[in-house]
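Student: First, the structure itself, so that you have it in front of you.
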Amino acid sequence: VVHACEKHQQWSQALRLVDEMGQHGLHPNVVTYSLAMKACGQGQQWQRAVQLLEDMRQHELHPDVATFNSAIGACSQDQEWATALKLVSNMRSMKVSPDANTFGGAMDICRKAQHWMHALGLLEVLRTSQLQPNTLTHNAAILASEEGQQWDKVLQLIDEMWQLKLKPDVMSYKAAFNACIMRRQWQKALHLMHEMRCYKLQPDMGTYEAAIAAFEMGHQWKKALNLMDEMRKYKLKIGKPRPVHTEGMPKRGTNCLLTRQS
């Protein structure tokens with residue numbers, strides 16, 4: 001029943017059921033608490049999820065990594081980055097070994113809360129823990145690096161994903177194209193577009209525009225125009241590229257190409 005509440009985002013019902021189990025002499029187990037925490041997260045009730053962890057301790061239940069991951073995930077909606085970091089720290093004090101999803105979830109929360117340095121710091125902790133990075137950790141690290149204008153780091157991480165046979169998402173590729181603009185590496189942008197096609201990833205409008213701007217920086221007009229034709233094929237509206245979050249962003253973009261076409 002708690003699982004059904006989690007699936008339908010009924011956090012208050014999930015908490016009520018956990019309480020009723022105790023009142024009737026039934027003892028919720030670790031899985032029950034984890035599901036209730038997930039329901040709290042989906043209902044943006046991160047405080048309730050953290051309280052459930054404390055309830056487990058009072059009932060002498062030892063949380064496992066999945067339980068902590070559920071609690072960390074509950075912090076995502078409200079970008080409770082400090083709480084997420086504290087939970088990761090608590091895992092170590094309670095001798096629960098974090099996994100890659102633990103770090104990835106906490107990194108993504110830090111990134112969304114614009115604490116990019118904490119996100120990249122967690123990636124280094126993951127590496128020293130001899131854990132294998134996964135798609136979640138690297139996508140979060142790439143977007144954190146973009147937030148911090150760490151362009152070389154963006155390109156390094158996207159290369160690492162290819163080497164580790166991890167699949168970047170569209171947002172990560174868009175960050176990488178923006179890095180190509182700032183580092184004036186149109187050849188790298190061409191390679192990234194090839195990668196996206198290998199992964200059968202469909203670029204969104206922002207990704208196309210960033211790639212076009214990278215090609216324009218390298219005076220690769222034909223390649224840029226070919227991408228504009230692709231955008232029309234997928235009925236994406238051609239407009240001004242989104243600005244990269246940095247001073248000194250090149251101002252030339254698809255508008256310049258439209259002028260060349262006329």
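Student: What are the aspartates and glutamates whose alpha-carbon lies under 19 Å from the alpha-carbon of Lys95, with same-chain residues fewer than 8 places away excluded?
Tutor: Glu54, Asp55, Glu60, Asp64
Student: What's the percent breakdown of Cα-Cα distances in the range 64-105 across 10 Å bins, shortest bin first?
Tutor: 32, 61, 7
Student: Which value, in Å² and to the nearest 10, is the accessible area of Arg183 when all protein chains are kept and the probe is 1.4 Å?
Tutor: Here the residue's solvent-accessible area equals roughly 100 Å².
Student: Which value, in Å² rounded to 10, gives the accessible area of Met56 with a 1.4 Å probe and all protein chains present?
Tutor: Counting only protein heavy atoms, the figure is 0 Å².
Student: Could you check the spin-label model distance between Thr128 and Lys95? Points 7 Å from the Cα along Cα→Cβ, value in nm.
Tutor: Between Thr128 and Lys95, the label points sit 2.2 nm apart.
Student: Rounded to the nearest 10 Å², what accessible area does Trp46 show when all protein chains are kept and the probe is 1.4 Å?
Tutor: Trp46 exposes around 50 Å² with every protein chain in place.
Student: To continue, here is another question. Could you sort Leu155, Leu136 by their accessible area in this structure, using a 1.4 Å probe and putting the largest first?
Tutor: Leu136, Leu155
The values are calculated or read from the model by the stated rules, or taken from the named source; none is laboratory data. Note that the structure is a prediction, hence the values are computed from the model and not measured. No Cβ is skipped: glycine too gets one built from the backbone with ideal geometry, and neighbour counts run over all protein chains shown. These accessible areas exclude ligands, DNA and RNA; they are computed on the full protein's heavy atoms, side chains included. Shrake-Rupley method; radii C 1.70, N 1.55, O 1.52, S 1.80 Å.
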